[in-house]
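Notes for the one structure printed next.
Quick note: the coordinates plus some simple rules give every number you see, no bench work behind them. As the structure is a computational prediction, the values presented were derived from the model and not from experiment. A quick note on method: Cβ atoms are made from the backbone with ideal geometry, for glycine too, and the neighbour counts reach across all protein chains shown.
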Amino acid sequence: MSIWENVSKFARLFSNNKTALFPQHSRRRKRQRRRQQWQQPPKRKVSTTIDVLPTTNTTNEDIPLMPSADKTNVASVQSADEKVAQLIIIYQDQKHQALADPQIISGQIGDATNIKFRQFAGYTLNKIVGYTANFVHHKAILTLTYEKHDGGIIWQFSRNYDNYRLLAKPQFLRGKLGKPYSLAIPQIPNYVFLKANGKLKGQFTEKQQTVTYFFRRADWVDVTTISHLLRMESYVTCYDDIGGNALATPLAKDSVWQTFLSVKMADRSLWHNIGGNIWIKETADITYIHPYDMKPELPLLPVQEVDLYATIDFIAGKELLLFNSPFGKKSSSIKNNEQVRITRFIHLEGINWFYVANEGWTTEYYLHFQ
């Protein structure tokens, strides 16, 4: 055995039996370790928190391990939910009737609401309750109340059917757009109702409406609208109304007048209207002229061609009768105040007749020349 083999064997033996060979060294190391433990500060106990899940029929394998970062995510989700806000918008009329389904808008608390108010045909927004420019609560209600527009006024007039005069002060009715209405016929003393122009029942619209009631004097027993031609055999007194005041100027002798209305009264008297507010009695010195009473050569008299303009001067609201020839038959009618063109003229039986272009003949008494 070489020297190096002996050295190696001794080294192994020394390593395995170091304590047995040098017991004093082992005791020294133990004392050093105890001294070091006394000099070190005591270790702090660390308390740990264990999240306890609800006791359900789960196993340990069913419970996922949550990293520490997941708790932060849960907190952020909870914080976001706390900021969610909703605003409910209610649209109603003044009777609290819904004009549309409620509208819901969402956002975050503090955000602008950016509300655009809806418009409804026939309504105006007049009251707002619960408005905020920003979301301030998790749940809030905004109530918008709309007022219905006013409808067009319904005007009511009461007139004398025969002369179109007003018998009472005009009345008017107001109401909301679309609201139904029903009108009652007014009572006028000493007059009887004849007819009404316009709707007595309906709804208020955006436009104005007019209803005109026509009445006739209660003492007018019989009314005839057949036109006649009357010749004044002498100077005849005329009146401003039936049984009214005598006019200053009488009707000239031999003048011929057209009647537009003949009225039999309750006292059996008969009156003729010859235009406007001019009336004559049947008992006056008058005679009726019929077309067959005219001499055949009269219509053959020369007719003058003219080019004139005039305005029909008759009764307000009435139409003037026109004839197919002087003293002839009724051919048409024309509205009062209408401007017309005159193309022919003839003088017969002391009366000047004028031809209204494309319409018919009338006398000078119902024309106002320009």
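Points to keep in mind about this one:
- Centre-to-centre separation between the Cα atoms of the range 98-120 and those of the range 184-240: 59 Å.
- Extension gain from residue 139 to residue 117, taking 0.36 nm per residue of separation minus the Cα-Cα distance: 6.0 nm
- Distances between placed amide hydrogens fall under 5 Å for residue 203 paired with 181, all partners being 5 or more residues away or on another chain.
- Here's the picture: charge each Lys and Arg Cβ at +1 and each Asp and Glu Cβ at -1 in the range 219-289, and of 228, 260, 238 the one pushed furthest to the positive end of that dipole is 228.
- At R0 = 30 Å, FRET efficiency that the Cβ-Cβ distance of residue 352 and residue 166 yields, to 0.05: 0.35
- Relative contact order, percent, the range 83-148 [alpha-carbon distance under 8 Å, six or more residues apart]: 45 percent
- Label-to-label distance, nm, for residues given as residue 330 and residue 247 (7 Å Cα→Cβ offset): 2.2 nm
- Net charge dipole, the range 100-196: roughly 340 debye, given to the nearest 20, about the Cα centre with Cβ charges of +1 for Lys and Arg and -1 for Asp and Glu.
- Around residue 160: net Lys/Arg minus Asp/Glu count, Cβ-Cβ under 15 Å: +3
- Backbone HN-Hα couplings from phi across the range 151-157 [Karplus 6.51/-1.76/1.60, Hz, Gly and Pro as x]: x, x, 5, 9, 8, 10, 10
- Residue 219/residue 311 FRET efficiency (R0 35 Å; Cβ-Cβ; nearest 0.05): 0.55
- Simple Cβ-charge dipole of the range 154-218, Lys/Arg +1 and Asp/Glu -1, about Cα centre, in debye nearest 20: 60 debye
- Convex hull (Cα only) mean projected area of the range 124-184, reported in nm² to one decimal: 6.8 nm²
- The HN-Hα couplings worked out from phi for the range 167-178 by the Karplus form 6.51 cos²θ - 1.76 cosθ + 1.60 (θ = phi - 60°) are 9, 7, 5, x, 10, 9, 10, 10, x, 6, 4, x Hz, whole numbers, x standing for Gly and Pro.
- Karplus-based coupling profile of the range 208-213, in residue order and whole Hz: 5, 10, 10, 10, 10, 9, with θ = phi - 60° in 6.51 cos²θ - 1.76 cosθ + 1.60 and x standing for Gly or Pro.
- Residue order, fewest to most beta carbons within 10 Å, for 347, 228, 272, 96: 96, 347, 228, 272
- Taken along the Cα-to-beta-carbon direction at a fixed 7 Å, the label points for residue 240 and residue 181 span 3.5 nm.
- Built amide H within the under 5 Å cut-off of residue 367, gap 5+: 313
- Between the beta carbons of residue 343 and residue 147, assuming R0 = 56 Å, the FRET efficiency works out to 0.40 to the nearest 0.05.
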